[in-house]
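K.L.:
The structure under discussion is supplied below as structure tokens; questions concerning it will follow.
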Amino acid sequence: MQGRSPDQESVGSGTKRSSVSSGSRPRSQKEFFYKFVESDGLTAKLVDWFESLTEKCALKREAFDVPFELIDLQKFDYALEGISFQQMIRMPNAVHASTSDALEATAYLAIEDFLHASVKGLWEAFWSQDEPMPFSVACLYNSNLKFYQAEKAIASGRLGSLSATGILLNNPRHPHGKWDHVLELALLRSDIRGLTVGSDRRPSPSVLGDALFYALRMLLARSLSGLSFFPDPSMVFVLLVDSQYGGVVKVEGDVNKLNFDVNNVYECAAEWVKNHSRISVSPIDRIWNKLGNANWGDIGALQVLFATFHCIMQYAGMPKHSIEDLAADHSSRLQTRRVERQLGENNVNGNGLFRYQQRSVSPEIVEVQEDSVKVNSREPMKLEAGSMLWLEDSDWQKGYQIKEVISTGELTYYIASYVEDPGKNLFLYVGSHPSQLEPAWEDMNLWYQVQRQTKVMTIMKQKGLSSKYLPELSASGRIIHPGQCQRPSSGGNCDHPWCGTPILVTSPVGETVAEMVHTGQFGSDEAIKCCHDCLSALSAAASSGIRHGDIRPENVICVKSGARHPYFVLIGWGHAILEDRDRSAMNLHFSSTYALQEGKLCSASDAESLVYMLYYSCGGVFPELDSVEGALQWRETSWSRRLIQQKLGDISTVLKAFADYVDSLCGTPYPMDYDIWLRRLRRNIHQEDHGKEIDATG
């Protein structure tokens with residue numbers, strides 16, 4: 001577990017003052033917390049703000065962002081394939097239609113059991129099957145803001161004043177819970193679905209006001225707490241549920257920016273919500289079926305589980321088994337299913353999707369028109385050397401001829417040439433069809449390689465980023481398929497399986513560092529030049545607030561054609577970090593320590609990944625890494641014993657010094673000093689006519 005023991009004193013659960021010493025914390029902040037006890041008070045101060053949001057929705061603009069991207073939920077879904085969740089107490093159907101206390105009591109017991117099943121299943125799958133789960137579930141009694149087990153609260157006549165159910169950190173010394181021990185709260189309200197507003201199925205102002213009150217109270221408690229939070233205490237999740245539906249509210253913000261006026265508590269809280277918080281709200285989706293069983297694999301339960309996963313991570317740190325680790329098993333499970341069903345190899349394509357072919361016998365020979373031929377929607381696109389491909393780029397149509405097919409084992413891409421300039425080679429990437437709502441794991445990698453990388457490179461182009469060490473966006477658009485396109489005038493795609501398939505074309509073309517290492521072409525001169533050129537690319541991108549997030553030998557190429565001196569280009573920008581909520585790629589061998597621990601990048605993360613890549617490319621050996629915990633242990637051991645510096649020191653003293661610099665910077669908020677290292681590396685580059693070629697990019 002991260003941080004201090006839960007037995008240490010922390011902020012109290014009720015309105016009674018805690019005995020914790022305030023230290024340097026302002027007394028008014030603690031007094032503010034103890035006066036902030038009524039959700040209606042905050043909701044009343046937000047009425048005008050809620051009305052402005054309603055007007056925003058009427059103009060067909062989203063009032064809030066969603067807390068999770070669909071691609072992340074799909075990846076999480078794959079990770080949960082082998083995990084069993086079981087809710088023992090069924091959710092009674094349509095509680096809101098009855099005033100029966102028995103039904104309401106059962107609903108609280110059911111949501112308590114649902115949360116217990118959720119947190120237990122996630123803990124055992126991602127963190128530990130051997131260690132006991134350090135969390136418990138209890139209901140919040142609104143009169144004193146303390147937590148009680150649902151059965152005890154109901155038996156003691158407190159049912160009418162129950163307002164929420166929470167997942168809490170276990171602490172035997174505080175059986176009624178502490179507010180800074182609360183991981184997550186679920187608000188059980190009647191008819192959440194019926195109270196939604198707008199076409200995007202967002203909760204009503206009254207329900208959202210309750211969620212914001214409890215979210216802010218959790219944030220205040222954490223700011224006063226002596227516990228440590230991972231990665232920080234400024235993000236909380238609140239669940240909204242009824243007997244069938246549910247959603248997620250995510251609230252982020254620095255409560256130190258709140259005006260702690262103890263005589264005007266709710267007005268100050270409302271101003272903080274309006275001006276200093278970031279609120280994300282999911283659509284309200286079905287969680288329980290009519291029998292009261294949770295639909296664990298559907299989007300409603302999935303987004304609730306994903307929120308709970310993030311809450312556990314705040315207290316327990318990064319999981320031993322990452323989402324990527326578990327999701328990667330999808331392909332093997334798919335193959336096992338194929339073996340079970342005794343399916344032949346000739347009916348499956350490279351993405352694990354089956355082709356259905358129907359044959360019929362006719363006594364007559366029939367002439368078939370080309371446009372009437374229907375290609376099965378699951379038929380894969382097969383491109384070979386010599387194939388022609390046409391791309392619709394804005395108002396232009398461009399033709400490309402495939403020259404070479406490159407397969408890395410994970411993905412396939414192509415070297416092609418523009419028909420009007422056949423002498424210039426280009427990288428051409430073909431994405432997955434947008435109609436595949438449940439893509440295979442390989443297609444998710446394609447999405448990052450094509451759609452996400454197109455977005456990143458377009459932003460780079462718009463910001464005027466220019467460096468010969470960065471790839472250039474040559475073209476992007478949709479494939480033009482054979483036959484007549486029946487695309488509707490309103491947009492979308494026709495029935496042809498290739499219609500709408502995204503294409504990305506970039507330049508320049510070169511040999512990857514992985515290939516150079518394999519063929520023994522990566523020596524000391526190449527290592528120094530590679531370090532310099534990659535740092536130049538990172539420096540240029542960092543000037544516009546963009547970080548790479550996925551540096552590895554497959555994402556660096558050496559360009560030799562058309563250049564007086566070979567140079568390296570940093571490619572593969574699909575996982576680039578554009579804003580704080582973006583997550584970097586997780587690679588056990590090349591991701592930075594901070595990325596593995598926090599799921600984010602610090603200022604030196606890309607440089608640290610570059611050091612690991614150079615270490616490997618210069619003959620360094622990685623152990624067998626099969627978990628995040630093992631990868632972190634290897635990093636700690638290697639840096640503490642200076643194994644990485646020693647290996648790079650065998651190549652060059654400047655690379656050893658650079659590794660020392662990166663080691664001192666890792667995990668700190670201090671920015672990289674690119675300029676000084678570019679100058680030092682440039683002085684150590686050995687090439688003919690040294691000094692005559694001007695490098696304007698640094």
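The values are calculated or read from the model by the stated rules, or taken from the named source; none is laboratory data. A quick note: this is a predicted structure, and the numbers were derived from the prediction, not measured. Counting neighbours? That spans all protein chains shown, and the Cβs are built from the backbone with ideal geometry, glycine included. For accessibility, only protein heavy atoms count, side chains too; no ligands or nucleic acids. Shrake-Rupley method; radii C 1.70, N 1.55, O 1.52, S 1.80 Å.
K.L.:
Give the residue that is nearest to residue 538 (Cα to Cα), with candidates limited to residues of region 644-672 that are open to solvent by 70 Å² or more (accessible area, probe 1.4 Å) and not polar (S, T, N, Q).
P.N.:
Step by step, filter region 644-672, then rank; the result is 671.
K.L.:
Among (1) assigned by the TED database to the domain that holds residue 183; (2) closer than 25 Å to residue 250 by Cβ; (3) at pLDDT 85 or above, there is one condition residue 29 misses while meeting the rest; what is its number?
P.N.:
(1) is the only condition that residue 29 fails.
Conditions (1) in a loop (DSSP other than H, G, I, E, B); (2) open to solvent by less than 10 Å² (accessible area, probe 1.4 Å); (3) over 24 Å from residue 289 (Cα atoms), marked per residue:
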residue: 84; (1), (2), (3): yes, no, no
residue: 102; (1), (2), (3): no, no, no
residue: 106; (1), (2), (3): no, no, no
residue: 111; (1), (2), (3): no, yes, no
residue: 119; (1), (2), (3): no, yes, no
residue: 123; (1), (2), (3): no, no, yes
residue: 144; (1), (2), (3): yes, no, yes
residue: 154; (1), (2), (3): no, no, yes
residue: 166; (1), (2), (3): no, yes, no
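K.L.:
Out of the residues in region 288-305 that are touching a residue at least 60 places away in the same chain (Cβ under 8 Å) and in contact with a strand residue (DSSP E or B) (Cβ under 8 Å, 6 or more places away or on another chain), state the one that is most open to solvent (accessible area, probe 1.4 Å).
P.N.:
299
K.L.:
Could you tell me how many of the residues in region 170-189 are under 15 Å from residue 239 (Cβ atoms) and modelled with pLDDT under 90?
P.N.:
Residues meeting the conditions: 2.
K.L.:
Check region 671-684 and report whether any residue there is in a loop (DSSP other than H, G, I, E, B), touching a Lys or Arg at 6+ places or on another chain (Cβ under 9 Å) and closer than 25 Å to residue 566 by Cβ.
P.N.:
For region 671-684, residues in a loop (DSSP other than H, G, I, E, B), touching a Lys or Arg at 6+ places or on another chain (Cβ under 9 Å) and closer than 25 Å to residue 566 by Cβ: absent.
Okay, residues lined up against (1) under 26 Å from residue 577 (Cα atoms); (2) at pLDDT 95 or above; (3) of a type in the set (Gly, Ala, Ser):
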site	(1), (2), (3)
413	yes, no, no
426	yes, yes, no
435	no, no, yes
438	yes, no, no
451	yes, no, no
464	yes, no, yes
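K.L.:
Looking at 252, 345, 267, which is the one that is modelled with pLDDT under 90 and charged (D, E, K, R)? Talk me through it step by step, then tell me what you get.
P.N.:
Values: 252 fails: modelled with pLDDT under 90; 267 fails: modelled with pLDDT under 90.
Matching residue, one of 252, 345, 267: 345.
K.L.:
Suppose we filter region 392-422 for residues that are assigned to a strand (DSSP E or B) and open to solvent by less than 90 Å² (accessible area, probe 1.4 Å); how many remain?
P.N.:
Within region 392-422, residues that are assigned to a strand (DSSP E or B) and open to solvent by less than 90 Å² (accessible area, probe 1.4 Å) number 19.
K.L.:
Exactly one of these conditions fails for residue 45: (1) surrounded by 16 or more Cβ atoms within 10 Å (Cβ to Cβ); (2) charged (D, E, K, R); (3) at pLDDT below 65. Give me its number.
P.N.:
(3)
K.L.:
Moving on. Among (1) assigned by the TED database to the domain that holds residue 473; (2) at pLDDT below 95, which single condition is residue 563 missing?
P.N.:
Unmet for residue 563, out of (1) assigned by the TED database to the domain that holds residue 473; (2) at pLDDT below 95: (1).
K.L.:
Pairs needed: first member in region 256-281, under 20 Å from residue 225 (Cβ atoms); second member anywhere, modelled with pLDDT under 90 and open to solvent by less than 20 Å² (accessible area, probe 1.4 Å); C-beta distance under 7 Å; at least 6 residues apart or different chains.
P.N.:
That search, which allows pairs on different chains as well, returns 260/29.
K.L.:
Hey, another quick one. Can you tell me which residues in region 537-551 are outside any strand (DSSP E or B) and in contact with a helix residue (DSSP H, G or I) (Cβ under 6 Å, 6 or more places away or on another chain)?
P.N.:
Answer for region 537-551, where residues must be outside any strand (DSSP E or B) and in contact with a helix residue (DSSP H, G or I) (Cβ under 6 Å, 6 or more places away or on another chain): 538, 539, 548, 551.
K.L.:
Checking residue 557 against (1) in a helix (DSSP H, G or I); (2) open to solvent by less than 10 Å² (accessible area, probe 1.4 Å): exactly one of these is not met. Which one?
P.N.:
(1)
K.L.:
Quick one: in region 612-640, of everything that is acidic (Asp, Glu) and not in a helix (DSSP H, G or I), which residue is surrounded by the fewest Cβ atoms within 10 Å (Cβ to Cβ)?
P.N.:
Going through the qualifying residues, I end up with 624.
K.L.:
Taking the residues in region 125-142 that are among the polar types (S, T, N, Q) and at pLDDT 85 or above as candidates, determine which candidate is least open to solvent (accessible area, probe 1.4 Å). First the steps, then the outcome.
P.N.:
Keep residues of region 125-142 that are among the polar types (S, T, N, Q), which gives 128-129, 136, 142.
Of the ones still in play, those that are also at pLDDT 85 or above are 128, 136.
On the way: 128: 9, 136: 39 Å².
In this case the residue turns out to be 128.
K.L.:
Taking the criterion of being surrounded by 23 or more Cβ atoms within 10 Å (Cβ to Cβ) and in a loop (DSSP other than H, G, I, E, B), would at least one residue in region 273-284 satisfy it?
P.N.:
Yes, there is a match, as at least one residue in region 273-284 is surrounded by 23 or more Cβ atoms within 10 Å (Cβ to Cβ) and in a loop (DSSP other than H, G, I, E, B).
K.L.:
Here are 539, 609, 584: which of them is touching a Phe, Trp or Tyr at 6+ places or on another chain (Cβ under 8 Å), buried (at least 24 other Cβ atoms within 10 Å of the Cβ), among the hydroxyl-bearing types (Ser, Thr, Tyr) and not assigned by the TED database to the domain that holds residue 447?
P.N.:
609 is the lone residue from the list that is touching a Phe, Trp or Tyr at 6+ places or on another chain (Cβ under 8 Å), buried (at least 24 other Cβ atoms within 10 Å of the Cβ), among the hydroxyl-bearing types (Ser, Thr, Tyr) and not assigned by the TED database to the domain that holds residue 447.
K.L.:
Given the condition over 25 Å from residue 228 (Cα atoms) and either of a type in the set (A, V, I, L, M, F, W, C) or assigned by the TED database to the domain that holds residue 663 (or both), answer yes or no: does some residue in region 592-599 qualify?
P.N.:
no
K.L.:
So which residues in region 594-606 are open to solvent by 20 Å² or more (accessible area, probe 1.4 Å) and either modelled with pLDDT of 95 or more or part of a helix (DSSP H, G or I) (or both)? Give the steps one after another, and end with the answer.
P.N.:
Step one: of region 594-606, the residues open to solvent by 20 Å² or more (accessible area, probe 1.4 Å) are 594, 597-598, 600-601, 603.
Answer for region 594-606, where residues must be open to solvent by 20 Å² or more (accessible area, probe 1.4 Å) and either modelled with pLDDT of 95 or more or part of a helix (DSSP H, G or I) (or both): 594, 597, 598.
K.L.:
When region 254-272 is examined, which residues are found to be touching a helix residue (DSSP H, G or I) at 6+ places or on another chain (Cβ under 6 Å) and either surrounded by 19 or more Cβ atoms within 10 Å (Cβ to Cβ) or not polar (S, T, N, Q) (or both)?
P.N.:
First pass over region 254-272, keeping only residues touching a helix residue (DSSP H, G or I) at 6+ places or on another chain (Cβ under 6 Å): 255, 257-262, 265-267, 269-270.
255, 257, 258, 260, 261, 262, 265, 266, 267, 269, 270 - these are the residues of region 254-272 that are touching a helix residue (DSSP H, G or I) at 6+ places or on another chain (Cβ under 6 Å) and either surrounded by 19 or more Cβ atoms within 10 Å (Cβ to Cβ) or not polar (S, T, N, Q) (or both).
K.L.:
In region 168-192, what residues are closer than 20 Å to residue 117 by Cα and open to solvent by 30 Å² or more (accessible area, probe 1.4 Å)?
P.N.:
Within region 168-192, 170 is the sole residue that qualifies.
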